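Reading through the structure tokens given below for one structure.
The values are calculated or read from the model by the stated rules, or taken from the named source; none is laboratory data. Keep in mind that what you see is a predicted model, and the values were worked out from it rather than measured. Here the Cβ positions follow ideal geometry from the backbone for every residue, glycine too, while neighbour counts run over all protein chains shown. These accessible areas exclude ligands, DNA and RNA; they are computed on the full protein's heavy atoms, side chains included. Shrake-Rupley method; radii C 1.70, N 1.55, O 1.52, S 1.80 Å.
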Amino acid sequence: MANAGMVGLDWQQRINWDRLRKYRLERARARMKAAGLGAMLLMYDENVRYVTSTLTPGWNRLKPGLRYAMLCGDDAPVLFEQGDIGMQIERHSPWIPKDHVRWSYAWIKGAAGPASTAQVKKFTNAVKQEMKKANVAGMKLGVDFIDINMLKVFAEDKIDWTDGMTPMMEARAIKNEDEQEALRMVGAIGDAAHWEFMKFLQPGRTENQLTAHIMQYLYSVPGMEDVEDVIVSSGPNTWPNWRNFSDRIVKPGDIVFMDLAALTWNGYKSCYYRTYCAGKEPTNEQKDIYATALKWLYDSIKAVKVGTTTREIASKWPSAKEAWGYAEEDQAAANLWGHGLGLAQYDQPVISRIWSLDHPIEIKEGMVFALETQHGKKFEWGVRIEEMLIVHKDKIEIISNFPVEQITVVDPMPGYSTLAGR
């Protein structure tokens, strides 16, 4: 369970946000240097957040270049903020030196049209200027994003650029004690959201009504920044799992699952499925299918320990052909799945039979990730379950605590499951 409350206090040590900010910045710097880079240009939201501890507003997300950051040598990070919002950064984020706050040069993925080239030239000149100030001019620049406009101008200006995403992925993979506590809080909020879902679920409600209710519930939580998605699927929508919601009405006896993918509390994200049955006890067949999915899940959890690899975890799952008769593993992408959790919903490691058997990644202390499994009958019903966990030196800590041992039955109607065909 989360060890303390959500707000900061003077009388109790909780998450030490200053320590967290310093840890993330210096870990990114260490991985940058280990990769032989003089600087990193960071345009993805999670990487900007990791290095600068500043928030990307919702309307900026998925638009690389509206705001971005640079980490050059041993200097403090430089934030290129959208427009004049940098004045608010100076006001609210004193850990960024005021003379390291700039305005960005954006071309909005080419939406600026013919002006895009001119904007990228200004952008590139600013990048070169920051590297010169930090005495790393001429060294390799790691970038986490590149587009057609950047490729052209970078080539003209002889920018020696390379992969900057891998060092950032490596940095973000290992969470310190404060990040782990933030993710425990995410788990506790997820527990509460599933309890709220259990109380609100009933035949007659629609998937989108259920989604909206949980969205509203989550946005009332202090520290909640964003709810990227709440997936509610019922009946035939649960298999294959289309990972969406609709206006379908939940009928008595329907299997329903809900996934918190992803609530975002102080930057940290969840992924947390549970399966329900509305208005009646599930059938023996449904219970058996659920038991199979649960065994797959916990067999893989038991394989997690420091020093093992993602191969050992993924090998606990059946192949796509064994489980569902599919021709190849990619047809079952994300059915039996694992992925890191942090400032992004896909930190390392990402675990799948598609690649983990041949390209394993070592499991390390401080990793936080989710494991999820599913199973079902085509266009009838399916089940999906998921646990979030922290890897410690000598144990695995599960931070999702809503009951998982069986399908959660909501307001069963006596006698409903005794009729033939039910």
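Take region 90-112 and flag every residue that is charged (D, E, K, R) and without any contact (Cβ under 8 Å) to a residue 12 or more places away in the chain.
Within region 90-112, E90, R91, K98, D99 qualify.
When you scan region 79-89, do you find a residue that is in contact (Cβ under 8 Å) with a residue 60 or more places away in the chain and polar (S, T, N, Q), even just one?
No, region 79-89 contains no residue that is in contact (Cβ under 8 Å) with a residue 60 or more places away in the chain and polar (S, T, N, Q).
Would you mind stating whether K364 is over 19 Å from P167 (Cβ atoms) and in contact (Cβ under 8 Å) with a residue 40 or more places away in the chain?
Spelling it out, it is not the case that K364 is over 19 Å from P167 (Cβ atoms) and in contact (Cβ under 8 Å) with a residue 40 or more places away in the chain.
For residues that are of a type in the set (F, W, Y) and open to solvent by 10 Å² or more (accessible area, probe 1.4 Å), scanning just region 156-215, find the one that is nearest to C72 (Cα to Cα).
Of everything passing the filter in region 156-215, W161 is nearest to C72 (Cα to Cα).
Considering only region 228-267, give the strands (runs of 3 or more DSSP E) lying wholly within it that have at least 1 residues that are of a type in the set (D, E, K, R) and in contact with a strand residue (DSSP E or B) (Cβ under 9 Å, 6 or more places away or on another chain).
Numbers: elements: 230-234, 255-260, 263-265.
Hits in region 228-267: 255-260.
Checking the conditions here, which among K22, K33 is outside any strand (DSSP E or B), free of Cβ contacts under 8 Å to residues at least 60 places away in the same chain, surrounded by fewer than 16 Cβ atoms within 10 Å (Cβ to Cβ) and more than 23 Å from the chain's Cα centre (by Cα)?
Just one listed residue meets the conditions, K33.
If S116 satisfies every condition in (1) in contact (Cβ under 8 Å) with a residue 40 or more places away in the chain; (2) within 30 Å of A106 (Cβ to Cβ); (3) surrounded by 15 or more Cβ atoms within 10 Å (Cβ to Cβ) but one, which is the exception?
Here S116 clears every test but (1).
State whether the residues of region 383-401 include one that is at pLDDT 95 or above, open to solvent by less than 20 Å² (accessible area, probe 1.4 Å) and not in a strand (DSSP E or B). Quick ask: steps written out before the conclusion?
Residues of region 383-401 at pLDDT 95 or above: 383-401.
This time we only want the ones that are open to solvent by less than 20 Å² (accessible area, probe 1.4 Å), so: 383-391, 399-400.
Cutting the leftovers down to not in a strand (DSSP E or B) gives us 399-400.
Yes, because at least one residue in region 383-401 is at pLDDT 95 or above, open to solvent by less than 20 Å² (accessible area, probe 1.4 Å) and not in a strand (DSSP E or B).
Within 28 Å of E380 (Cβ to Cβ), of a type in the set (D, E) and either in contact (Cβ under 8 Å) with a residue 24 or more places away in the chain or buried (at least 22 other Cβ atoms within 10 Å of the Cβ) (or both): which single residue out of D247, D288 fits that description?
D247
Which one of the conditions (1) over 16 Å from E386 (Cβ atoms); (2) within 22 Å of the chain's Cα centre (by Cα); (3) not polar (S, T, N, Q) does P252 fail to meet, given that it meets all the rest?
Condition (2) is where P252 drops out.
Counting only residues that are touching a strand residue (DSSP E or B) at 6+ places or on another chain (Cβ under 7 Å), open to solvent by 10 Å² or more (accessible area, probe 1.4 Å) and among the β-branched types (V, I, T), which one in region 291-310 is nearest to V232 (Cα to Cα)?
T292
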